[in-house]
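Step one of this worksheet: look at the structure below.
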Amino acid sequence: MNRPCHIARRRFLKTLAAAGFAAPWVTRDLLAAPPGARLNVALIGSGGRGSHVALEVLRLGHHLVALCDVDQSQLAAARKFLAEKYEGGTAAMEKAASYDDYRKLLDAGKTFDAAIVATGSRWHAPICVALMKAGKHVYCEKPLVHKLAEARELIELVPKCKVATQTGTQGGSSKAFRRAVEILQAGLIGPVRRIYLWCDGYGPNPPSHDRPPGEDPVPAGLNWDFWLGPAPLRPFKRNVYHPGCLRFQNWFDLCNGMLAGQGAHTFNLPVRALRLGPPVRVEAEIREPIKETYPQFGKFRFEYPARGDLPPVTLWWSDGGAYPPPEITANLKSVSGKVPNMGCLFLGERGELYAGGWGGEGLLRLAGDKQWRGVLDHEAAKALPVTLPRIEGDNHVLEWLRACQGGPATWSDFITGARVSEAYLPGILALRLGRPIDWDGAAMRARGVPEAEPLIQKTYRKKWIV
């Protein structure tokens, strides 16, 4: 079905394009495995996070049938990790095929039902789009997109493809996260007009800088050109870009720094709970010249408009050791004597709600309370109805696998992940442009700033893209 008449997929799509037809949408009803059936899952991008998600797939009783990576040393390390960590992993890895090109995996489409995408974020949207159009269920690590135009593309694509999607923001599957959403939407802390988000959990960033001079030999087994993929070609430098996300996430061409890397997690709760859409204005505090990488300290102010009966919201983000003002966190500091190194703080007219950087660890303090209480056991919250689904063990991967089998839809699908991306990515525009921007979310443009267009649109190198 994914390779009609046994024609190779790429040749088939070219034939359709030449004839002037769009690629057919394969419905989820035709593709979903029967309830209880084991799924055949492929892993694309076999680094640390991808290997851990694949391990959970195996532990939940499904098959890992293929691993795909442009770095053969990373592929070998993933096989070794899974063989050692999973009982029966040696036999499973002997059966799993290896690919050095995701397009070859797509051409073998009948061999797998679903895929985990755990490449760098520059690759996330292009590979996810190709998989979804091929009728494959997809779990993609965060940040879900690199460019704003990709977020809109996924929002429009998900309803057409009707496959199960899941964004790798695992904190969203915790009971505390979902209870915090219910509490905020019930208005327990009153109208919220101010939110503070911060992250100081990964050590200091270097100041913004340009690429180092010179070039090093590309390691054997690494297709460097393919690794860069949609990003502009640049010389390989050892221990600068690869391996390891913390080495390359600050490069704007490859990722978008801490605002995207951790923001994909921390923005998730305010976007879900307060139904935030794109901001209308963003200001970035510029403390240093902005070059090819994210700065040492990230500080942003986002303005979101009213949504129905919900008031406008101002949201502040800070990272690199910058925290909210002391008077804002004074009550929170009383919990442990210090401000947590990352988190999200909602200030309402009748109280405050704090969540950790991933959205869990929810704490609630209403006006008149002498101390903070957990969102799961605060007396005032116990009477609120449970309106959102829960998943056993807060297991994010399990929720996706069940949706792949025809069960309930995931709660953190690509539409949600894309909406969260649209909430914070305009901050990257303000940072890179060096000026505040007025953002038109519907038209996806910075008003009066035409030079922002290359940073918004899919200005890809096409060499490796389906």
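Worth a mention:
- For the residue pairs LYS104/LYS462; LYS80/LYS175; LYS175/LYS370; LYS291/LYS333; LYS237/LYS291, the C-alpha atoms sit more than 27 angstrom apart in LYS80/LYS175; LYS291/LYS333.
- Rel. contact order, % - alpha carbon contacts under 8 angstrom, at least six apart, the chain: 21 percent
- Segment 315-466: relative contact order as a whole-number percent, Cα under 8 Å and 6+ apart: 7 percent
- Of the DSSP H helices in the chain, those that are both long (alpha-carbon extent of 27 Å or more along the helix axis) and hydrophobic (Kyte-Doolittle mean at least -1.0) are 414-433.
- Taking 0.36 nm per residue of separation and subtracting the current Cα-Cα distance, fully stretching the chain between ARG49 and ARG287 would add 82.4 nm.
- Per residue, the average separation of C-alpha pairs within less than 8 Å and at least 6 apart gives segment 70-229 a relative contact order of 23 percent.
- Loop-resident trypsin sites (Lys or Arg not before Pro) (DSSP state other than H, G, I, E or B) in segment 205-261 with no more than 13 further Cβ atoms inside 10 Å of their Cβ: ARG238.
- Here the simple spin-label model places points 7 Å from the Cα toward Cβ, and for ALA97 and ALA409 these points are separated by 3.2 nm.
- Helix-only mean residue ellipticity at 222 nm for the chain, each DSSP H run of n ≥ 4 adding -39500 (n - 2.57), per residue, nearest 500: -9500 deg cm²/dmol
- Dipole magnitude of the chain about its Cα centre (Cβ charges: Lys, Arg +1; Asp, Glu -1), debye to nearest 20: 820 debye
- Remark: segment 124-242 carries a charge dipole of roughly 500 debye about the Cα centre, counting +1 on each Lys and Arg Cβ and -1 on each Asp and Glu Cβ.
- Between ALA83 and LYS333, the contour length at 0.36 nm per residue exceeds the alpha carbon distance by 85.6 nm.
- Formal net charge of residues neighbouring LEU433 (Cβ-Cβ distance under 14 Å; K, R +1; D, E -1): +1
- For ALA322, net neighbour charge (Lys/Arg +1, Asp/Glu -1) across residues whose Cβ lies under 12 Å away: -1
- Those lysines that a straight Cα-Cα span of less than 16 Å connects to LYS458, excepting residues fewer than 8 apart in one chain: LYS147
- About its Cα centre, the dipole of segment 200-317 is roughly 220 debye, where the only charges are +1 on Lys and Arg Cβ and -1 on Asp and Glu Cβ.
- Think of segment 187-283 as a dipole: +1 on every Lys or Arg Cβ, -1 on every Asp or Glu Cβ, centred on the Cα centre; then among PRO278, PRO207, ASN250, PRO278 lies furthest on the positive end.
- Listed residue (MET93, PRO295, PHE112) projecting farthest to the positive dipole end of the chain, Cβ model: PHE112
- Solvent-accessible area assigned to carbon and sulfur over segment 273-379 amounts to 51 percent, based on a 1.4 Å probe.
The values are calculated or read from the model by the stated rules, or taken from the named source; none is laboratory data. If you're wondering where the values come from, they're calculated on a predicted model, not measured in any experiment. Note that we place each Cβ from the backbone using ideal geometry, even for glycine, and neighbour counts take in every protein chain shown. Quick note on the areas: whole protein, heavy atoms, side chains included, nothing else; ligands and nucleic acids left out. Shrake-Rupley method; radii C 1.70, N 1.55, O 1.52, S 1.80 Å.
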